[in-house]
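**Student:** Here you go, one structure.
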Amino acid sequence: MLNLIAAPVVLVVGLVLSHGFRAKGKKTLASLLTSFGTLLCVGLLAMSCIQTVPTGHTGVLTTFGKVEDTTLDSGVHFVLPWQQVVKMDNRVQKQTAELSCFSADIQEVNLTYTINYQIKKSDAQNIYRNIGVAYYETVIQPCITESVKVVTARYSAEQLVGKRNDLAAAIEDDLSEKLLNYNIELVSTSIENMDFTNTFTEAVEAKQVAQQNKLRAETEASQKVIEANAAAEVRKVNADAEAYELLKKAEAEAEANRKISESLTRELINYTYAQTWDGQLPTVMAGENGSSMVPILDVNQLLPEQGGQEKQED
């Protein structure tokens, strides 16, 4: 556009100079200056007709400020001197906003919110016609502020800490719907930072410490219960094993006694007693109703049968 304005100015200056030199009789120099001025104007005019659209951009063509129906792709284009090309960026762009919000329980929170957005080539013309080049400041920034503050107010401060991913997803859904009304595509978003007041941060830390202590105490109590149950189980197993051993021992003794009882005879008992007798007669005598005293034990029964017969014969 500057070239388009400069060309007539240079042409007028060249004509004035040439006229002045002609008046002084210097026709040759005037002709040279006229030719030079004409060539310079033609060159500047030609340069103003050549426009370049960078890669990743869409050229919106305007004629005296009016938006034309056609758009220009990236590359070199020839336009009329009174036409202008506005370059609209179609690449993914990034912006970060620092916002101060309030939670549902009136706790102040400062958010650092970043978005990546993009405008399509097919929508570049409408965006320039309806919004202009500064569409971030005009549309996107106010939508970010509204979405972040409105969605944040749905959560308590404690929920903001524990449900950060849910908060980010809710903000992105709300913001994406708003920007689609302006033909702007929301590519991705992120909550890069979230700060609370010192008082709330200290309260949260104290609560977390208390929860950790409670969890530790519950874990220790559970461990003690498990250990006590294990010890009781061991004692039960040992008691069962001991009872089983006692039962087996009692059964073995009972079986041995049974076999011994079955093998005992009167002759075996007398013989065993005789083998252990020291030869002393019993000193305790017994009688009944004034009868003569007789020994409780009949020694003759303990003597061998042969000896008894010889004594009887004597």
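**Student:** Return yes or no: is residue 72 surrounded by 14 or more Cβ atoms within 10 Å (Cβ to Cβ) and touching a helix residue (DSSP H, G or I) at 6+ places or on another chain (Cβ under 7 Å)? Talk me through it step by step, then tell me what you get.
**Tutor:** Working: surrounded by 14 or more Cβ atoms within 10 Å (Cβ to Cβ): yes; touching a helix residue (DSSP H, G or I) at 6+ places or on another chain (Cβ under 7 Å): no.
It is false that residue 72 is surrounded by 14 or more Cβ atoms within 10 Å (Cβ to Cβ) and touching a helix residue (DSSP H, G or I) at 6+ places or on another chain (Cβ under 7 Å).
For every residue, the table says whether it meets (1) within 30 Å of residue 122 (Cβ to Cβ); (2) over 21 Å from the mean Cα position of the chain (by Cα).
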{"position": "158", "(1), (2)": "no, no"}
{"position": "169", "(1), (2)": "yes, no"}
{"position": "172", "(1), (2)": "yes, no"}
{"position": "181", "(1), (2)": "yes, yes"}
{"position": "192", "(1), (2)": "no, no"}
{"position": "199", "(1), (2)": "no, yes"}
{"position": "202", "(1), (2)": "no, yes"}
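**Student:** Next question. Only residues that are under 23 Å from residue 139 (Cα atoms) and among the hydrophobic types (A, V, I, L, M, F, W, C): list them for segment 78-121, please.
**Tutor:** Of segment 78-121, the ones under 23 Å from residue 139 (Cα atoms) are 85-102, 110-121.
The answer is 85, 86, 88, 92, 97, 99, 101, 102, 111, 115, 119.
**Student:** Can you tell which of 162, 132 is closer than 20 Å to residue 201 by Cβ, surrounded by fewer than 14 Cβ atoms within 10 Å (Cβ to Cβ) and free of Cβ contacts under 8 Å to residues at least 24 places away in the same chain? I'd like the intermediate steps shown before the answer.
**Tutor:** Values: 132 fails: closer than 20 Å to residue 201 by Cβ.
The match here is 162.
**Student:** Still on this structure: Just checking, which of 203, 97, 170 is surrounded by 14 or more Cβ atoms within 10 Å (Cβ to Cβ), of a type outside the set (Lys, Arg) and at pLDDT below 90? Outline the logic, then answer.
**Tutor:** On the way: 97 fails: at pLDDT below 90; 170 fails: at pLDDT below 90.
Residue meeting the stated conditions: 203.
**Student:** Is it true that some residue in segment 212-228 is surrounded by 11 or more Cβ atoms within 10 Å (Cβ to Cβ) and in a helix (DSSP H, G or I)? Walk me through it before giving the result.
**Tutor:** Initially, segment 212-228 is screened for residues surrounded by 11 or more Cβ atoms within 10 Å (Cβ to Cβ), giving none.
No - not one qualifying residue is present in segment 212-228.
**Student:** Ok, one more. Scan segment 73-90 for residues that are assigned to a strand (DSSP E or B) and under 46 Å from the mean Cα position of the chain (by Cα) and jot them down.
**Tutor:** Filtering segment 73-90 down to residues assigned to a strand (DSSP E or B) leaves 75-78, 83-89.
Across segment 73-90, the qualifying residues are 86, 87, 88, 89.
**Student:** Here's another thing I want to ask about it. Here is a check on your reading of the model: is residue 198 out of contact with any His (no Cβ under 9 Å at 6 or more places or on another chain), of a type outside the set (A, V, I, L, M) and surrounded by fewer than 10 Cβ atoms within 10 Å (Cβ to Cβ)?
**Tutor:** Working: out of contact with any His (no Cβ under 9 Å at 6 or more places or on another chain): yes; of a type outside the set (A, V, I, L, M): yes; surrounded by fewer than 10 Cβ atoms within 10 Å (Cβ to Cβ): yes.
Spelling it out, residue 198 is indeed out of contact with any His (no Cβ under 9 Å at 6 or more places or on another chain), of a type outside the set (A, V, I, L, M) and surrounded by fewer than 10 Cβ atoms within 10 Å (Cβ to Cβ).
The values are calculated or read from the model by the stated rules, or taken from the named source; none is laboratory data. Predicted model only: the values in this text are computed from it and were never measured. When we count neighbours, we look across all protein chains shown, and the Cβ atoms used for this are built from the backbone with ideal geometry, even at glycine.
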